[in-house]
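Asks: Have a look at this one before I ask anything.
The values are calculated or read from the model by the stated rules, or taken from the named source; none is laboratory data. In this text the structure is predicted, and so the values were computed from the model without any measurement. Here Cβ is always computed from backbone atoms with ideal geometry, including for glycine, and neighbour counts include all displayed protein chains.
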Amino acid sequence: MTALSRRLQQFIWLVGSVMAAAAILRWVVGDDLRAWLPPTLAADVPRGALGLGRRVAGFCIELIPLSAALYSLLALHRICDIHRAGQIVGARLSTMYRAFGRGLMLLGVANALYTPLIAFALTFPSIDGGVTIAVGLSTADLYLLVAGAAVMMLGLVVEEAHRIETENAQII
């Protein structure tokens, strides 16, 4: 369990670094933002270079799902720390599972907010006077909500297992 937890922690650092780098590079490097965005949003990107204001707005919006994802990864990293210490149940582990589940749910909400906010930032104020309103709810966002709720329930189960373990230790 210790070796697996250590490998998972290394993977978490890699994933977190790649996510942060992609979030920064998307808004800093190059003039063609369409290559960095999902196809549904790439159609709304104005031709030519984006101004600094739109890049800053886009980066700030990018921080919403990035912060939720990094919060989830941090909770998962702490879960691995607890498992590496040999703990299978406990109050701290329960808290971290609930934090991980909360992070997944926040990520689902953040992803749903990301599409309309980015579409608005890229089309306001537009040359032709129109603003694009986009709705960005996908099944993946709904899956994150369900998975987050399930992990939060797992945290409650771990908490109950810890309570039962504590009671049993007092009886003996």
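Asks: When you go through Arg102, Arg84, Arg92, Arg78 one by one, which is the residue that is surrounded by fewer than 22 Cβ atoms within 10 Å (Cβ to Cβ), among the basic types (Lys, Arg) and within 19 Å of Thr139 (Cα to Cα)?
Replies: Testing whether each residue is surrounded by fewer than 22 Cβ atoms within 10 Å (Cβ to Cβ), among the basic types (Lys, Arg) and within 19 Å of Thr139 (Cα to Cα) leaves just Arg102.
Asks: A follow-up question, please. Could you say whether any residue in region 102-121 is at pLDDT below 95, on the phi < 0 side of the Ramachandran plot and of a type in the set (Lys, Arg)?
Replies: No, because not a single residue in region 102-121 is at pLDDT below 95, on the phi < 0 side of the Ramachandran plot and of a type in the set (Lys, Arg).
Asks: Let me ask something else about it. Is region 100-113 home to any residue that is farther than 18 Å from Glu160 by Cα, touching a residue at least 60 places away in the same chain (Cβ under 8 Å), in a helix (DSSP H, G or I) and among the charged types (D, E, K, R)?
Replies: No - not one qualifying residue is present in region 100-113.
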